[in-house]
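Student: Take this structure first; my questions come after.
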Amino acid sequence: MNFLQVAGNSSQTFKLAIRKVWPMANCWIFVSFPFSDFNKGNISEMMEKIKQSGKWAIGKNTSFRRSLSKGDSILFYQAGEEGKKFVGSGSLLSGLQSNEDSISNYVAIGNIDFWEKPVPVTDVLNNLSFVKDKNRWGFYFKGGIVRLPQNDYEYVLQKARRKRIRARAALFFLRSGPRCSSKD
């Protein structure tokens, strides 16, 4: 099948052909636990540290650490009582790198987008296909790194974009004041 044959077919066929040429990257959730040494401070401070360093520390026993590769997409998730929300996105600029002066390894992260309006997990939970038991959803976010199906990744990003658009629209209307016509 060549490009011209695909171009005349449905978009679904086109997507399948593209995936054969450019395999899709993996999608991951990087879980931030407020009690770990790496995550001292609030989530905003932590995300700022990550933006500055361009690195995410990964423990030597973390699940999926060897499956991480350049180009993978990630969502940042804040766990804990004050968390339970997706707070940003990014992409991997490297696979697992060793950090000889530390007990952990790391991956390089780029394209970091820290969301002003986080997405609570409860807003997307019913549509997350990897969470089979919705009553025990917290179990699925354990382990530091969670594999995420592409459709779930896109759904969370879509929710984040909608929250951003709504927040900007509300701000616009607040700044512009009332727009009523007066009749004499």
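Student: Which of the residues spanning the range 40-91 are in a loop (DSSP other than H, G, I, E, B), under 17 Å from Asn26 (Cβ atoms) and aliphatic (A, V, I, L, M)?
Tutor: Correct list: Leu68 only.
Student: Give Leu92, Leu96 a once-over and let me know the one that is in contact with a Leu (Cβ under 7 Å, 6 or more places away or on another chain) and either modelled with pLDDT under 75 or within 19 Å of Leu157 (Cβ to Cβ) (or both).
Tutor: Numbers: Leu96 fails: either modelled with pLDDT under 75 or within 19 Å of Leu157 (Cβ to Cβ) (or both).
Testing whether each residue is in contact with a Leu (Cβ under 7 Å, 6 or more places away or on another chain) and either modelled with pLDDT under 75 or within 19 Å of Leu157 (Cβ to Cβ) (or both) leaves just Leu92.
Student: Report whether or not Phe114 is under 25 Å from Ala57 (Cα atoms), within 13 Å of the chain's Cα centre (by Cα) and at pLDDT below 95.
Tutor: On the way: under 25 Å from Ala57 (Cα atoms): yes; within 13 Å of the chain's Cα centre (by Cα): yes; at pLDDT below 95: yes.
Yes.
Student: Let me ask something else. Ser129 fails exactly one of the following numbered conditions: (1) assigned to a loop (DSSP other than H, G, I, E, B); (2) crowded, with 18+ Cβ neighbours inside 10 Å. What is the number of that condition?
Tutor: (2)
Student: Is there any pair with a first residue in the range 51-80 that is in contact (Cβ under 8 Å) with a residue 40 or more places away in the chain and a second that is charged (D, E, K, R) and part of a helix (DSSP H, G or I) whose Cβ atoms are under 7 Å apart and which are 6 or more apart or on different chains, and what are they?
Tutor: So the pair list comes out as Ile58/Arg65.
Student: Limited to the range 92-126, what total is found for residues that are part of a strand (DSSP E or B), closer than 17 Å to Gln52 by Cα and touching a residue at least 24 places away in the same chain (Cβ under 8 Å)?
Tutor: Initial filter on the range 92-126 (part of a strand (DSSP E or B)): 92, 97, 104-120.
Still in the list and also closer than 17 Å to Gln52 by Cα: 92, 106-115.
Applying the additional criterion that residues be touching a residue at least 24 places away in the same chain (Cβ under 8 Å) yields 92, 106-110, 112-115.
Adding up the residues that qualify gives 10.
Student: Answer with yes or no whether Lys70 is modelled with pLDDT of 80 or more and charged (D, E, K, R).
Tutor: yes
Student: Which residue is modelled with the lowest pLDDT, if the candidates are limited to the range 132-145 and must be charged (D, E, K, R) and part of a loop (DSSP other than H, G, I, E, B)?
Tutor: As a first pass, look at the range 132-145 and keep what is charged (D, E, K, R): 132-134, 136, 142.
From the residues that got through so far, the ones that are part of a loop (DSSP other than H, G, I, E, B) too are 132-133, 142.
Numbers: Lys132: 95, Asp133: 95, Lys142: 87.
The residue in question is Lys142.
Student: Also, quick follow-up: Tell me yes or no: at least one residue of the range 29-37 is in a loop (DSSP other than H, G, I, E, B), modelled with pLDDT of 60 or more, touching a helix residue (DSSP H, G or I) at 6+ places or on another chain (Cβ under 7 Å) and not charged (D, E, K, R).
Tutor: Here is the first cut: in the range 29-37, the residues in a loop (DSSP other than H, G, I, E, B) are 33-36.
The next check asks that each one be modelled with pLDDT of 60 or more; those that pass are 33-34.
Cutting the leftovers down to touching a helix residue (DSSP H, G or I) at 6+ places or on another chain (Cβ under 7 Å) gives us 33.
Filter once more, so that each one left must be not charged (D, E, K, R): 33.
Looking through the range 29-37, at least one residue is in a loop (DSSP other than H, G, I, E, B), modelled with pLDDT of 60 or more, touching a helix residue (DSSP H, G or I) at 6+ places or on another chain (Cβ under 7 Å) and not charged (D, E, K, R).
The values are calculated or read from the model by the stated rules, or taken from the named source; none is laboratory data. As the structure is a prediction and not an experimental result, all values here were calculated from the model. Every residue, glycine as well, gets a Cβ built from its backbone with ideal geometry; the counts of neighbours run over all protein chains shown.
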